[in-house]
Amino acid sequence: MCGIMGYSGPRPPLPLLVSGLERLEYRGYDSSGVAFFNATGAIDVLRAAGKVSVLKERVGSLEGHPGAAIGHIRWATHGAATVENAHPHKSGPIALVHNGIIENEQILRERLKAEGVLFQSETDTEVLAHLIRLEYERSGEFAESVRRALALVEGSYALAILCQDEPADLIAVRQGPPLLLGMGEGESFVASDIPAFLHFTRQVYAFRSGEIGLIRHGDVRVGEISSPSSSWKSPVAQTISWDPFFAEKGTYRHFMEKEIFEGSRALMDTLADRIVPWKTLPELAPFGPFPPPSLTFVACGTSWHAALLGRYFMESMGIPSAVEIASEFRYRPLLLPGGSWVVGISQSGETADTLGALELARKAGCRTLGISNVPGSSLERETDLCLLTHAGPEIGVASTKAFQSQVALLMLLSLALSGAEPETEKLESLIRSPHRLEMFLETMSSERFDQAVERLRQSHLVMFAGRGLDYPLSLEGALKFKEITYRPADGYPGGELKHGPIALVEPGVTVIAPMVDSNLRQKEISNLREIRARGGYVLAIGPSIPENQRGIWYDDRIDLPEVPVWSGVFQAAAVLQYLAYRVAVALGNDVDQPRNLAKSVTVE
Ligand code: F6R
């Protein structure tokens, strides 16, 4: 949901702002812009509708004057994706970029209009620029004018702000959406996500909600937006272990493709040091006793699918658990007894609904646990304990390696929470999963998928059906497929097909059936026969699918190796991700930045 980038330091800012915005482009790609000081000491603004590549062309060989500068990529909320609505917005000496939503925008806009302010855009952000400018005209003090203006504002915002009279200064504010500070030698960066500045520094401070930062080159002070200036302090950075290589496509065509193939490494890094003799997840120990009295997962999208798998893992270890879509959970009466565990799963750690659901749970006396991929994220800070998946930064909008690492962590969590000695078979299977996935990914050549990809490209509807663990995998397969191919796709529990969805089946419909859950294979086969009997085409994905059954209950198959179920889940997930990827590429779609989506959904 929009990306912010800011810089204060001795380098010419435009090249680094544009490359930072390219790395943030997964957050929105409706328009982009930069504001910087020119050689005469005035602030120039360049904006463009569409992707960062359009802005990059406009910027050309311009470098901007060393000092402070800001940039933005937009995912439109208030107002269409036009140049006028693109950020930065400027009012007199003030220029700013914004991520979030100003809830009392209409009231403020009317008030400003009554004071004679002329608006150039339909955005809520422009209101902020005028408010700060008016306060600046009254006080003549940059930071103070920001504070006073924001006291009038309701809503959520991450901001980076410039003032014409202070060419080295950058003010950053966080009230809700994420904002990170990269601390270099004699220079500083602010950005909505770490990859934007990972090439320059790994020293990162995550602004807390309610904080304001005054940044002048390497000198940074942080205070509360609502407190007087005496409370300024120096931020303490944490060192991020992410390799800048993660933020590059390397030899791959797309980040999504690269990230699918990084799945095994994501598993390895997530499991590393978390399995010690007779114990899993030692960092969970202070959070005991185990098992918890009740456990509810809350999450959205792909993370919700990981949670659905998590419930199967928990139940297989005898731990009752429930799974809730965060945006629904947070508006229903909360009937969990105090002391219950609510586990929020979020790759970004910034999804507004997941954070909202956890806040509700915390207020009701539940214990909150987070599973996040981003160090320093809100989820990490706002939960009683947060377990990090170590998938590395995920840039492709469609989640792939992060999903794999969430699933691995949930397997581990189920073993840890059972309180019993981990079952050797499951533990071993988990320990071997990264290597098994790596071996499997090496065989996942594009030719092997050609026939299936062509079939899917020609299908007017794709359904995904599975039972047991294959049901959440089907949901995830369908989500991946529809979000990047833009083709209708849905996932179902195999047993539900005949309760309605089978009415959709006719020639031209393909049903994809992940089949790693061997316990329910015979039942799934009966469901697939019913599909074929009605003209549907069945693509089965699993181990040990006999050739002599082709034409009986399936039409085509993608073989998975014969491995224990807990390893098979990762392999099936990789196939579903790759199939969606290949079809989307064949259709000519922009897989890394699918239309209408943004990676980090920081608004409700
Ligand atoms: C789909 C996808 C989304 C996210 C969802 C939650 O590929 O990526 O469905 O899973 O927006 O995001 P996080 O996990 O960051 O809370």
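Rule-based calculations on the coordinates, nothing more; no lab input. For clarity, every value in this text was computed on a predicted model and none was experimentally measured. Quick reminder, even Gly has a Cβ in these numbers, built from the backbone with ideal geometry, and neighbours come from all protein chains shown.
For Lys401, the lysines whose Cα falls under 23 Å of its own Cα, not counting residues fewer than eight places away in the same chain, are Lys249, Lys258, Lys426, Lys480, Lys482, Lys599. Ordering Ile194, Ile319, Ile94 by the number of other Cβ atoms within 10 Å of each residue's own Cβ, fewest first, gives Ile319, Ile194, Ile94. Specify which residue in the list Ile512, Leu461, Gly551 is farthest towards the positive end of the charge dipole of the chain, using unit charges on the beta carbon of Lys, Arg (+1) and Asp, Glu (-1), about the Cα centre. Value computed over the given set: Gly551.
Note: relative contact order over segment 3-243, using C-alpha pairs below 8 Å and six or more positions apart, is 20 percent.
Relative contact order for the chain: 12 percent, from Cα pairs under 8 Å spaced at least 6 residues apart, divided by residue count. Here the chain is assigned +1 on the Cβ of each Lys and Arg and -1 on the Cβ of each Asp and Glu. Its dipole about the Cα centre then comes out at about 600 debye. Dipole magnitude for segment 446-586: computed about the Cα centre from +1 point charges on Lys and Arg Cβ and -1 point charges on Asp and Glu Cβ, it is near 240 debye.
Think of the chain as having a plus end and a minus end, set by charges on the Cβ of Lys, Arg, Asp and Glu; of Ser321, Gly495, Val298, Gly495 sits farthest toward the positive end of this dipole.
Determine the shape class of segment 437-502: with a ≥ b ≥ c the square roots of the Cα gyration tensor eigenvalues, call it rounded for a/c under 1.5, and otherwise prolate if a/b is greater than b/c, oblate otherwise. The shape class here is oblate. About the centre of its Cα atoms, segment 171-273 shows a dipole size close to 260 debye [charges on the beta carbon of Lys, Arg (+1) and Asp, Glu (-1) only; nearest 20 debye]. In the chain, helices alone account for a calculated mean residue ellipticity at 222 nm of -10500 deg cm²/dmol, with every DSSP H run of four or more residues adding -39,500 (n - 2.57).
What does the C-alpha gyration tensor say about the overall shape of segment 3-243? Classify as rounded when a/c is under 1.5, otherwise prolate if a/b is larger than b/c, or oblate. Because its axes are fairly even, with a/c under 1.5, segment 3-243 counts as rounded. What FRET efficiency comes out for the pair Asp165/Asp219, r = Cβ-Cβ distance, R0 = 22 Å, nearest 0.05? It comes to 0.80. Placing unit charges on each Cβ (+1 for Lys and Arg, -1 for Asp and Glu) gives the chain a dipole about its Cα centre, and among His130, Ile275, Ser188 the Cα reaching farthest toward its positive end belongs to Ile275. Sorted fewest first by neighbouring Cβ atoms within 10 angstrom, Tyr29, Tyr312 come out as Tyr312, Tyr29. The listed peptides 559-568, 500-509, 461-470, ordered by packing as a protection proxy, come out as 461-470, 559-568, 500-509 (highest mean of other Cβ atoms within 10 Å first). A simple spin-label model places pseudo-atoms 7 Å from Cα toward Cβ; at Ser446 and Glu562 they are separated by 3.3 nm.
Once the Cβ-Cβ distance of Glu428 and Lys233 is raised to the sixth power relative to R0 = 60 Å, the FRET efficiency obtained is 0.75.
Reducing segment 290-339 and segment 72-150 to their Cα centroids gives an inter-centroid distance of 40 Å. Sorting the segments 433-442, 474-483, 385-394 by their residues' average number of neighbouring beta-carbon atoms within 10 angstrom, most packed first, yields 474-483, 385-394, 433-442. Computed from the C-beta positions of Thr82 and Thr251, the FRET efficiency with R₀ = 45 Å rounds to 0.75. Annotation for segment 364-389 versus segment 429-481: alpha-carbon center distance of 30 Å.
Considering only alpha-carbon pairs that sit under 8 angstrom and 6 or more positions apart, the relative contact order computed for segment 173-233 is 33 percent. Taking other Cβ atoms within 10 Å as a rough exposure proxy, Met317, Met268 sort from fewest to most as Met268, Met317. Take the Cα of Tyr486, step 7 Å toward its Cβ, do the same at Lys113, and the gap between the two points is 3.5 nm. Taking a ≥ b ≥ c as the square roots of the eigenvalues of the Cα gyration tensor, an a/c ratio of 1.5 or more together with a/b no larger than b/c marks segment 252-443 as oblate.
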